[in-house]
1. When the stretch A:50-59 is examined, which residues are found to be more than 22 Å from residue A:88 (Cα to Cα) and within 19 Å of the chain's Cα centre (by Cα)?
2. Which members of the stretch B:91-100 meet the condition of being under 15 Å from residue B:172 (Cα atoms) and touching a helix residue (DSSP H, G or I) at 6+ places or on another chain (Cβ under 8 Å)?
3. Being within 14 Å of residue B:50 (Cβ to Cβ), more than 13 Å from chain A (Cβ to nearest Cβ) and under 20 Å from the mean Cα position of the chain (by Cα) is the filter here; which residues of the stretch B:229-269 pass it?
4. Could you look through the stretch A:144-155, keep only residues that are touching a residue at least 24 places away in the same chain (Cβ under 8 Å) and assigned to a helix (DSSP H, G or I), and pick out the one that is nearest to the other protein chains (Cβ to nearest Cβ)?
5. Give the stretch A:144-167 a look and list any residue that's buried (at least 19 other Cβ atoms within 10 Å of the Cβ) and over 14 Å from residue A:99 (Cα atoms), or say none.
6. Looking at residue A:178, is it at pLDDT 90 or above, in contact with a helix residue (DSSP H, G or I) (Cβ under 9 Å, 6 or more places away or on another chain) and under 30 Å from residue B:253 (Cα atoms)?
7. Restricting attention to the stretch A:209-226, and to residues there that are at pLDDT 95 or above and part of a strand (DSSP E or B), which single residue is farthest from the other protein chains (Cβ to nearest Cβ)?
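The values are calculated or read from the model by the stated rules, or taken from the named source; none is laboratory data. If you're wondering where the values come from, they're calculated on a predicted model, not measured in any experiment. Using ideal geometry, Cβ is built from the backbone for each residue, glycine included, and neighbour counts are taken over all protein chains shown.
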């Protein structure tokens, strides 16, 4: 379905080339949800923007391939790429308020993409907008379709964004922190809705989040990013039951609720800025188990189970 | 004696309905009562629009309450003159949610942390300088970075700066309004641990306002659940999480994400239609209250 191969996206800043997404490879299989997890600055959103070729200068994709339904998106002419955006791959943004245009009705915004892609007539698009609002469980869709974004609650706006994403019948949806700005109960509803939509619309999904706890119930597989690199990926059960990378372990331990005792298990220090990335493994300075070679050179990816890979010398050694 | 005692706090906002429409009145905080003992961490939870943030601001009189009583260190906060309020505020400070917008971007970290000392005319210039460096170390920041501007710090570091500023005047009560909700999970844990350490070292009392129930369960001794301006349930955190008495609390708790791929929580849908907001809190167990019939 989607295969990202050795994707590298860099920023050209002050004569230096900063690798914000560094040699990232993963795939999203048909009908599955891949959870892409990382902290701010890990490069997870930039990976999504790279897939859709929405990277703005001074950023640029410097190498790699993005195979979507058999074609390399990075080699497509912009004209073709425009057809892929929305109709092939749809993006759901994090901030439902800023992603919606305040001066158009919800219905117009859902219909717009269909009209742009020439997928429906004006009347047809209107009808379909109502159907889509109904599908994402907005009550009284034929009335809501005439509402403006400010008339809706945060949860409703997020539903509208999901309806917009589904409008052109994409086969892959990328959801970038779709629940971060929402209350707990709404968050749960939106995650349930995304799961339902995946079934109903036969979608594949790339779900991006900084919170492993939130996507545990939604993802089939998990990929963990740190400082631009994918440090571990595998089936969700394997990653949760036997996390292999010290960063994944630390991330899981920092989720409140799991640990006993009052103090939480924090990861000391912070993600290094792109300008100060260490030569070896980027997590080494914060890693409790770092070995001498971790400082020298980044580790290669090692398979440790079916579909479970990790980039860490601790596992290299055991091979 | 409780450090903070809030009785029947009410805050209404009137919303105009066009030019000729009669203004409608919204009860953002509706007869809220609770008290906090010295050294305690009291959690105020609820979703957006529940009134939890307004309650916190009313206590500090950053928003003037419509009616009710707020007693802090046995003083009637709502009856204080401007000058007395200024002095009382040294003992109660607030830490805001968004470390990106709550720090003045044109001020150096040093000035931000020093400002309360200057406003309250405390210490000489040299003493203040030393105190600011001490505060920086206290919250785990490097005093070598004191001359940096907010944008040069990460989100977690900015929240530490906000905390250093709040601690400058040696307060006894800190109102922490969603102090970590804008931060990554791993950074959240650092800031939460810092709050716990500071509480032990400085004997602080916290009013912890949050919507993330996982955090509340972790650090609060007692918790009150707010909905549409009312407290619907209040009790010791462990008891309330173990046996929630109100249907809304049960729905809220059932929405907490479970960090385990094999456990699908059974979600309880909240149906507000049968809710009677007029119901008073009644005791359901030792120290456990709920607005149930």
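1. Passing the criteria: only A:59.
2. Residues satisfying the conditions are B:92, B:93, B:94, B:95.
3. Selection gives B:229, B:230, B:231, B:232, B:233, B:234.
4. This residue is A:154.
5. A:144, A:145, A:166, A:167
6. No: the conditions fail for residue A:178.
7. Residue satisfying both the conditions and the ranking: A:223.
Okay, residues lined up against (1) more than 9 Å from chain A (Cβ to nearest Cβ); (2) crowded, with 20+ Cβ neighbours inside 10 Å; (3) closer than 21 Å to residue B:103 by Cα:
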position	(1), (2), (3)
B:166	yes, yes, yes
B:171	yes, no, yes
B:185	no, yes, no
B:199	yes, no, no
B:205	yes, yes, no
B:210	yes, yes, yes
B:213	no, yes, no
